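The structure appears right after this line, and notes come after that.
The values are calculated or read from the model by the stated rules, or taken from the named source; none is laboratory data. Small disclaimer: the values here were computed from a predicted structure and weren't measured. Here the Cβ is made from the backbone with ideal geometry for all residues, glycine too, and neighbour counts use every protein chain on show.
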Amino acid sequence: MDKKLVIYNTLSRKKVIFEPIHAPFVGLYVCGPTVYGDGHLGHARPAITFDILYRYLQHLGYKVRYVRNITDVGHLEHDADEGEDKIAKKARLEQKEPMEVVQYYLNRYHKAMEALNVLPPSIEPHASGHIIEQIEFVKKILDSGYAYESEGSVYFDVEKYNKEHHYGKLSGRNIDELLETTRELDGQNEKRRSVDFALWKKAAPEHIMHWPSPWSEGFPGWHLECSTMGTKYLGEEFDIHGGGMDLIFPHHECEIAQSTAALGKESVRYWMHNNMITINGQKMGKSLGNFITLDEFFTGSHKLLTQAYSPMTIRFFILQAHYRSTVDFSNEALQASEKGLARLSEAYSRLMKLTASAESTVDTAGLRERCEEAMCDDLNTPIVISHLFDAAKAINTVADGNGTISQADLDELKAVFKLFIEDLLGLKTETEAGGSNDAYKGAVDLLLNIRKQTKANKDWATSDQIRNELAALGFNVKDTKDGFEWSL
């Protein structure tokens, strides 16, 4: 690969040059949704972040196997080890089969991802479909001596593991100090230490979802599924594991410990985490009750929203910030993103209509290289977008008749805009309200051609009426030397 991709490795806490274990093959594993409720804006961020990574790795020439799991068992109500299974609770309250609940919300999630133009993963394994593999993984950890059985459940022995390895290396937590403060809990529950986590839980009689195992009728712990499915589909060692930063501890920390205990080595070379989306400085999430579902964004039906926002506005809003920075939600920020996307889309549309001249009087040289450089620098999408806006100024200069562009420069500019706007940033530039429909566009063009004729006939009243009524409907009409341009 000619271009070197630099990524931030959460484990080493620094930027590193990405070097696949088995180039040109890349194994990418991303923690997918816990399917028990409507997806919210916080769910969109990791999906879009790692969609960008997936697209760019393929652009660089790598063959990517992208695995994004579905958590449909073992995610409990109160914490990772206690409480009622969230899928089972939904099923009980709604009087449905657990897999009926899973399928309903998974369909909604897929529909939202399609609207956001998130590419589907190569493999989308369900935790409930890999119970046998998870049981085998627990056996390996028990055989290595890093787990213990207690009253039908199996727990990971964090204290023993920490003596020989480093539990807390990903999150930077001082586990020795935590262990010291929890010794007094001995004998008060099934665990030896409160920091120990469940690999297998014995199911209570009322628990709906359970499977037979050597230890009890039960179900796997939440952390186990990713270690199991990641290594099943990507091998005992693979390249990148991603997810939201809220998963660093305990989920990903536990994954490192599980894989090291079972396999004698760490499975993941690079850990990547996107930052959070917040509302008034608080993480957006179901547990805090401050979340807005993606459907509510698309329809404008939430009380915190002043209008509906298209899926591409949401995607553009997320990409305007670097994936490792926090993004704070506000209507004002989304409205600014909506206007910014409209300006970029309009420039792209004008670009496709430009005609070449003998030479260029506008400077568009080096745009591809600058955008590539930004993408190679830890997927810096805000810088890519800023470069595209700079190029949009040159496009508008030519379109307004104040400059010229050569055929070679025009062809390159068109290729670069398509590559970065459509292929890599994944932005659909047609309007969501039917702008991609040929009949819709034809009808607007017909009306504006009638207006053009009324102007030629000096029927200014009719001409102004058409323009004003289109403006009232949200159309921006601009007269040009060649006729007209419009956008919604």
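Answer yes if at least one residue in the range 118-128 is surrounded by fewer than 20 Cβ atoms within 10 Å (Cβ to Cβ) and part of a helix (DSSP H, G or I), and no otherwise.
no
Can you find, within the range 1-12, the residue that is surrounded by the most Cβ atoms within 10 Å (Cβ to Cβ) among those that are touching a residue at least 40 places away in the same chain (Cβ under 8 Å) and within 21 Å of HIS251 (Cα to Cα)?
Checking each candidate, the answer is THR10.
Tell me, yes or no, whether the range 207-216 has at least one residue that is over 17 Å from GLU136 (Cβ atoms), touching a residue at least 24 places away in the same chain (Cβ under 8 Å) and in contact with a Phe, Trp or Tyr (Cβ under 8 Å, 6 or more places away or on another chain).
Scanning the range 207-216 turns up at least one residue that is over 17 Å from GLU136 (Cβ atoms), touching a residue at least 24 places away in the same chain (Cβ under 8 Å) and in contact with a Phe, Trp or Tyr (Cβ under 8 Å, 6 or more places away or on another chain).
So which of LEU488, LEU448, LEU410 is of a type in the set (A, V, I, L, M), farther than 30 Å from ALA44 by Cα and modelled with pLDDT under 95?
Answer to the check: LEU448.
Return yes or no: is ILE248 part of a helix (DSSP H, G or I), of a type in the set (A, V, I, L, M, F, W, C), within 30 Å of SER330 (Cα to Cα) and in the same structural domain as TYR29 (by TED's automatic domain parsing)?
Criteria met by ILE248.
Which residues, counting only those in the range 90-118, are in contact (Cβ under 8 Å) with a residue 24 or more places away in the chain and either in contact with a strand residue (DSSP E or B) (Cβ under 8 Å, 6 or more places away or on another chain) or more than 22 Å from ILE421 (Cα to Cα) (or both)?
LYS90, ALA91, ARG92, PRO98, MET99, VAL101, VAL102, TYR105, LEU106, ARG108, TYR109, listed by residue number.
If you go through the range 372-392, how many residues are touching a residue at least 24 places away in the same chain (Cβ under 8 Å), over 21 Å from THR313 (Cα atoms) and not acidic (Asp, Glu)?
Selection size over the range 372-392: 1.
Six or more apart or on different chains, Cβ under 6 Å: which pairs go from a residue in the range 456-471 that's more than 14 Å from TRP486 (Cβ to Cβ) to one that's among the charged types (D, E, K, R) and at pLDDT 80 or above? Could you list them?
SER463/ARG451
For residues in the range 313-348 being small (Gly, Ala, Ser) and out of contact with any Ser or Thr (no Cβ under 6 Å at 6 or more places or on another chain), which is farthest from HIS302 (Cα to Cα)?
Here the answer is ALA347.
If you take the residues in the range 20-55 that are among the charged types (D, E, K, R) and either surrounded by 23 or more Cβ atoms within 10 Å (Cβ to Cβ) or touching a Phe, Trp or Tyr at 6+ places or on another chain (Cβ under 9 Å) (or both), which one is modelled with the lowest pLDDT?
ASP38
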